[in-house]
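The values are calculated or read from the model by the stated rules, or taken from the named source; none is laboratory data. Predicted model only: the values in this text are computed from it and were never measured. Please note: Cβ atoms are built from the backbone with ideal geometry, for glycine as well, and neighbour counts cover all protein chains shown.
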């Protein structure tokens, strides 16, 4: 989810943040020399302690009556959250342009360079984060991406052109005249969508953003940076299978999920991803960053806050799940998407004033909708 908006930064300034993906802790004695360290390996003892902590805080489950309340009144809890925090809780996510260059300005179809599946490039399981520690806050409610040198074949160009031609003939919808469309799901108050709009001035771009909370969407719509000619914000319940999106199938180039899938009830995650995948054009990308298993936030939960395995309720009534890479891979591939990237970002954050260390675990994914075969 998101928050207040500040002036967008130039792409040149954003690219410089890649240096923060190379800050490694080689000498433990220097741990308090910086605010954050990248790709920090866990010892066997630390991993075992995390597993034991999760066993402890999962031993007592929330009673069924309260679980039903958290599900039925989920919108109320999120509305209350945004009424309390409004624009003061989160920082703008300008680091996303380094993490996900698909969100930055494009020339023609240059974004298609990043569509090579994971099995066509060297395998890696850990992630060198490029996120600036000044941009990292607790995401309550940095992994650089390189082009893989994939050139667009004539067949792929024809497929893309055919879909663009079909859209011209389709019934009009918000953003129907655009040629590059991004949807952010779980937009909060706009900390992803506004940096995109401020940084990417391409007139062919249109950005959709939705949130479960009507309060959050209202805050987006009343933000001075909101431009209805370039953006459409709407309230949407990801889990409501009867509620349609305002854009047709096969119309989006990118779907963004930043710390939002973890708020969905686990048994509804697959159907949620299935519906979102159908909105993508062939070659379209789904981008995710979310909580990983044994993240500091999971280890901090007390007994009595566990709803189900690795799924918890916070004190404010909002809920959160903690993923593994395999779980996310299953969700996306079952929805018919191809893996481009599925990485773990293990980060050691440091409070130098209080001499505290905090271990964060995030997972970042890129999956694409396959292009039709040349024979289809």
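Looking at (1) surrounded by fewer than 21 Cβ atoms within 10 Å (Cβ to Cβ); (2) within 28 Å of residue 81 (Cα to Cα); (3) touching a helix residue (DSSP H, G or I) at 6+ places or on another chain (Cβ under 6 Å), which is the one condition that is false for residue 304?
(3)
Does residue 54 count as modelled with pLDDT of 90 or more, touching a helix residue (DSSP H, G or I) at 6+ places or on another chain (Cβ under 7 Å) and farther than 30 Å from residue 100 by Cα?
yes
It is to be established whether one or more residues within the stretch 324-342 are within 17 Å of the chain's Cα centre (by Cα) and farther than 21 Å from residue 370 by Cβ.
Among the residues of the stretch 324-342, at least one is within 17 Å of the chain's Cα centre (by Cα) and farther than 21 Å from residue 370 by Cβ, which makes the answer yes.
Only one of 171, 156, 241 is modelled with pLDDT under 85 and part of a loop (DSSP other than H, G, I, E, B). Can you tell me which?
Residue meeting the stated conditions: 171.
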